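What follows is a single structure, written as structure tokens, with notes after it.
The values are calculated or read from the model by the stated rules, or taken from the named source; none is laboratory data. Bear in mind the structure is a predicted one, so any value in this text is a computation, not a measurement. Reconstructed Cβ throughout: ideal geometry from the backbone, glycine too, with neighbour counts over all protein chains shown.
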Amino acid sequence: MNNLQLPQKDMEKEIPQLESFIKSDINARELKRAIAVRMALEGKLYHKISFSVMCK
């Protein structure tokens, strides 16, 4: 398991769902949240996630 306590197969299901959600017409707050969750599922460090989301 990873640091998010999800099995790898579940993470692989979540990322495509997040991608379609990100591409949909959503407000900026939800977009930033979805991008942060996707980055966390990809294994990015918290520092990189917070910096990336703040810059958008």
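For beta carbons closer than 6 Å, sequence separation of 6+ or different chains, a first residue in region 33-45 that is farther than 11 Å from Glu19 by Cβ and a second that is crowded, with 17+ Cβ neighbours inside 10 Å, the qualifying pairs are Ala36/Ile49; Met39/Ile49.
The residue that is modelled with the highest pLDDT, counting only those in region 38-56 that are of a type in the set (D, E, K, R) and under 19 Å from Asn27 (Cα atoms), is Arg38.
When region 7-54 is filtered for residues that are of a type in the set (S, T, N, Q) and not in a helix (DSSP H, G or I), the ones remaining, listed by number, are Ser24, Asn27.
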